[in-house]
Amino acid sequence: MIQTNIGRGQKPQNIFLIADHLQNTYKKFVRTFQKFQNKVIQEWVKEQMETEDLLYKDPIIELNFQFEKGKSLPEFVQEGILDPLIPSIFKIAPYRHQSEAIEKVCKENRNIIVSTGTGSGKSICFWVPIINTCLEMKRQGLDGTKAIVIFPMNALANSQYNNIAKLLHGTGLTIGRYTGETAVPESEAERILEKIYKRPKYDCEILSRDKMRENPPDILITNYVMLDLILTRHEDKKLFPEHHRGYLKYIVLDEIHTYSGNRGADVACLIRRLKYKTDTQGKIRCIGTSATIQDNKKSSGSTAIIEFAEKIFGEKFDASSLIEATYVNLEISKEDILPLPPTILIQDSDLNEFNGTINRIIPIAEKLL
């Protein structure tokens, strides 16, 4: 996906040239990566690489509106809703849907579903409340896991983990990623970190399964399969000891729409077992996020989404629990409207000779615009 944000006064970028450059770069990588001694095979592969949709899809252009700005993090601090450290951890100006999520979770202590588009910063809607609560509990001397964030894929979990671990460095909080890729001994985990991620260890990281069992992290990132094993295996039950019962404050399901059908039933049962194990029934904050939540046949709109969330989490969501994006309403003046050309510039030859190549796309785009 290629995403470009163009505001007023900014020079527009030719997205077709960007896409063409990326496609050629990718083909060059494949050609140099694969070496064939057999000329017949080499020519066949070369021919296949030029086949439509084999290596990449044609570019899709979408116009995204600007998100409306919300309340600033320092304002939340002044109102006593957020910890004073939060603005120094998250150096952002929240969108309205992000500040609405912070308000509902941190001030009103409610469960929420965040349904906004790709690139809207859905993760901020749960990371700010989670870290805010962890800081508060840490000052009270309360150890143990306060939040579990469940991702449907390890790739998402790894990306989020590295970003948040960097932000939490020096805060005194701890974070752990418990997936099938997590090493058991600490020495192996440190070797993997150095070899694959090529970065030093942040002071907030608990890298290995052994260390997490000894000292459960404040924030646990995992997937639903591994969480099921944690609640089942004897050695992993140390992550939720008896003296930490009631400490868990958040359960997050990222990409909640992926938990439908049999998988959804499994996850719903898993969450109920987790709440029973941690003694948090009716006391835990539940957050779901998705860019593609759809209506079902029996109900529509927010009602369907709320019903789905209640079934998955086994907790109460009300009509205002659904948070959606709001956009800036740009007023266009007459001076901003360019006049149409006196004649139609597109000719039959432009369409008849069009073959989808970049050389044909650019002239047509220029005539249209």
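Once phi is turned into θ = phi - 60°, what whole-Hz ³J(HN,Hα) does the Karplus curve with 6.51, -1.76 and 1.60 give for every residue of the stretch 26-38, x standing for Gly and Pro?
With the stated coefficients, the stretch 26-38 comes to 5, 5, 5, 4, 5, 5, 7, 6, 9, 10, 10, 7, 7 Hz.
Mind checking which of 187, 302, 99 has the largest fluctuation in a GNM of the chain, springs on alpha carbons under 10 Å?
Taking springs between Cα atoms under 10 Å, the residue moving most is 187.
Determine how large the accessible area of residue 327 is when every protein chain is in place; take a 1.4 Å probe and give Å² rounded to the nearest 10.
Result for residue 327: roughly 110 Å² accessible.
For helix 261-278, what angle does its Cα long axis make with the longest principal axis of the chain, in degrees from 0 to 90 and rounded to 10?
The answer is roughly 30 degrees.
Taking only Cα atoms, what is the 0 to 90° angle, nearest 10, from helix 39-49's long axis to the longest principal axis of the chain?
80 degrees
What accessible surface, in Å², does a 1.4 Å probe find on residue 285, ignoring ligands, DNA and RNA and rounding to the nearest 10?
Accessible area, nearest 10 Å²: 30 Å².
Compute the acute angle (0 to 90°) between the alpha-carbon long axis of helix 124-139 and the principal axis of greatest extent of the alpha-carbon atoms of the chain; round to the nearest 10°.
Helix 124-139 sits at roughly 30 degrees to that axis.
Got a sec? What order do 102, 81 fall in by accessible area at 1.4 Å, biggest, i.e. largest, first?
81, 102
Which three semi-axes in whole Å describe the equivalent ellipsoid of the chain, each the square root of 5 times a Cα gyration tensor eigenvalue, listed largest first? Display every interim value, and only then the final one.
On the way: eigenvalues 366, 171, 88 Å².
Result for the chain: semi-axes of 43, 29, 21 Å.
Please compute the per residue accessible area over the chain with all protein chains in place, 1.4 Å probe, rounded to a whole number of Å².
Numbers: 21870 Å² over 369 residues.
Each residue of the chain exposes 59 Å² on average to a 1.4 Å probe.
In debye to the nearest 20, how big a dipole does the chain give about its Cα centre with +1 on each Lys and Arg Cβ and -1 on each Asp and Glu Cβ? Display every interim value, and only then the final one.
On the way: 49 positive and 48 negative charges, 213 e Å.
About 1020 debye.
Keeping all protein chains in place and using 1.4 angstrom, which order do 171, 25 fall into by accessible surface area, from largest down?
Numbers: 171 30, 25 70 Å².
Greatest to least solvent exposure: 25, 171.
List the pair-distance distribution P(r) of the stretch 212-277, using every Cα-Cα distance, as the percent of pairs falling in each 5 Å bin from 0 up to the bin containing the longest distance, rounded to whole percents.
3, 14, 28, 28, 15, 8, 3, 0
Which percent of the accessible area of the chain is formed by carbon and sulfur heavy atoms (probe 1.4 angstrom)? Mind dumping the intermediate values first?
On the way: 11630 of 21870 Å².
Answer for the chain: carbon and sulfur cover 53 percent of the accessible area.
The values are calculated or read from the model by the stated rules, or taken from the named source; none is laboratory data. Everything numeric in this text was worked out from a predicted model, so none of it was measured. Every residue, glycine as well, gets a Cβ built from its backbone with ideal geometry; the counts of neighbours run over all protein chains shown. All accessible areas refer to the heavy atoms of the entire protein, side chains included, with ligands and DNA or RNA removed. Shrake-Rupley method; radii C 1.70, N 1.55, O 1.52, S 1.80 Å.
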